[in-house]
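The values are calculated or read from the model by the stated rules, or taken from the named source; none is laboratory data. Because the structure is a prediction, the values reported are computed rather than measured. Glycine also receives a Cβ, built like all others from the backbone with ideal geometry; neighbour counts cover every protein chain displayed. Remember, those area values only see protein heavy atoms, side chains included, never the ligands or the DNA or RNA. Shrake-Rupley method; radii C 1.70, N 1.55, O 1.52, S 1.80 Å.
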Amino acid sequence: MHKPHSRSAAYYPCLIPKPTSFLQSAEAFTILPSTKILIPKDHPEVTSIGDLLSAYLQEICGYKVLVSDDNPDQGAGNMQLTLGGDPGLGEEAYELSITADSILLRAAYPAGLFYAVQTLRQLLPAHPSTTVSLPAVSIRDTPRFHWRGAMLDVARHFFGVADVERYIDLIAHYKMNRLHLHLSDDQGWRIEIKSWPRLTEVGGRTQVGGGLAGGGYYTQAQYKEIVAYARSRYVVIVPEIDTPGHTNAALASYAELNSSEEAPAPYEGTEVGFSTLWINSEITYQFLDDVIRELAALTPTPYIHIGGDEARSTPDEDYRRFIKRFQEIVVAHGKTSVGWGEIGEAELLPGTIAQLWIDKGYKEAKNQGAKIILSPATKIYLDMKYDPSTPIGLDWAALIPVKDAYDWEPSYFMDALEEADILGLEAPLWTETVLTMKDIEYLTFPRLLGVAELAWSPKGQSWEEYRERLATHGPRMEAMGINFYKSPGVDWE
Ligand code: TNX
């Protein structure tokens, strides 16, 4: 096999995503039992980041590295977390400087320090070791795109809090900062809404494939826990209430949401496009207002996703009226709407964001001034099979080998879109065929690392060089217990 670099674990720049600038020398910093993590006084957020670093180090060193705010400037022999540097580089930029004497992690904002810590983790040995050394490096790093996300469909199959928190940990390690949760669909309603309790009493009980043990939902308390956990990993949760199609679970819960005024049976199949809210009824908008009011109160960040895809049972004119009105409800609760590309066919309010998945609606959205999130199904739909033998997953958009998820350039992807139109990238995982956390991991990894790099690293990376770096992440993913797909296109270490 072709190997352009000779590499040795400690001295090869094996980081994913690749940093903006990276220099390396032959020295190394060795962690000793006396090494401390120094943090500034009176800064609880940085203290939490220091504690996270200490926990990561403990896994590798086998002992606890102390976090201390005594003499925070005494760098020698220690690792120092410092707020400083150029705030003009944005909230997520950081510097990491490792010499034989000390380690300095510096950023203008805590998010940057969190990312410096993630980079540092990838410079540690993959597995526990008696001597732990880090290569001497000087890194300056700033993300290319603002929106670097993953989406998890918890409607087709439900996943509990522990699974979602693990997913957050895993995506955050690769510097992703958004987790979009697809909270409602034909097969299930997954978030407690106190003013409409049957949504979860009825709509929360089902999922694809059915069975009495099926379904589930997050109580508001659990949902808050997810949001807070994500926040501690600098991940924004983007909740989606998919409308006006993909709504059978809500329609089955409340007869008054149906134009027939009769509730349909719950649905546990995988067809799409058959359901629609009753567009010409005020009850529908009262319902959405209540849902968004409660959801907005659980959401400290700006975005609420209103769906808008595959509304095949909603007449076009109704669809346009509905999308306009739903955005107004979102704005009335102080939030910004995100919707699937099709929403571009309706009038968009200022600030609304469109998410491209197929070639539909996004040009109209762009022409109305909307920013675009790229989730092209042919490139980064994580539910697509890798090859025909992949045991789970779908193939309607494409087969997506690891190379194809990485080897494309966002700003060239669609003629009509330029860099400035693109807010970022998001890799969705739809779960019609995904039943367990192991299944989630198998389809997500390693493709997500490639998406994370496309979203973070400077334009113009090469697959040949990336695949060498990716190979070094095999043992790292193993150490994190990730059930990843050992793609034959990569010479895994
Ligand atoms: C299309 S992507 C859908 C989903 C399916 C997915 C399966 C999108 C906005 N709609 O309802 O789960 O394909 O790949």
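Remarks
- Trypsin sites (Lys or Arg not before Pro) restricted to region 20-67 and DSSP loop, no more than 12 other C-beta within 10 Å: Lys41, Lys64
- Summing Cβ point charges (Lys, Arg +1; Asp, Glu -1) relative to the Cα centre of the chain gives a dipole of roughly 1140 debye.
- Accessible surface for region 435-481, divided over its residues, is 26 Å² per residue with a 1.4 Å probe.
- Spatial offset of region 140-178 relative to region 376-424 amounts to 17 Å, using the alpha carbon center of each.
- Computed over region 388-473, Cα set: Rg, Dmax in Å: 14.1, 39
- Partners for Lys459 among lysines (Cα-Cα distance below 20 Å; same-chain residues under 8 apart left out): Lys18, Lys175, Lys371, Lys379, Lys403
- Fully extending the segment from Glu478 to Glu256 would add 74.9 nm, taking 0.36 nm per residue of separation and subtracting the current Cα-Cα distance.
- Solvent-accessible heavy-atom area per residue, rounded to whole Å², over region 12-79 at 1.4 Å: 50
- Sites matching trypsin sites (Lys or Arg not before Pro) across region 157-210 that sit in DSSP coil, with at most 16 neighbouring C-beta atoms within 10 Å: Lys194
- Within the same chain, lysines fewer than 8 places from Lys64 are excluded, and of the rest, those with a Cα less than 19 Å from its Cα are Lys36.
- Stokes-Einstein D for region 185-244, Kirkwood Rh over Cα pairs, 20 °C, 1.002 mPa s (µm²/s): 171
- Accessible area per residue, Å², region 295-400 with all protein chains present, probe 1.4 Å: 38
- Cα-based equivalent ellipsoid of the chain: semi-axis lengths in Å, sorted from largest, via gyration tensor: 41, 24, 21
- Per-atom-type breakdown for the chain gives carbon and sulfur 52% of the accessible area (1.4 Å probe, protein chains only).
- Mean Kyte hydropathy of -1.0 or more with a Cα span along the axis of at least 15 Å, helices from DSSP in the chain: 44-61, 110-123, 161-173, 220-232, 282-297, 316-332
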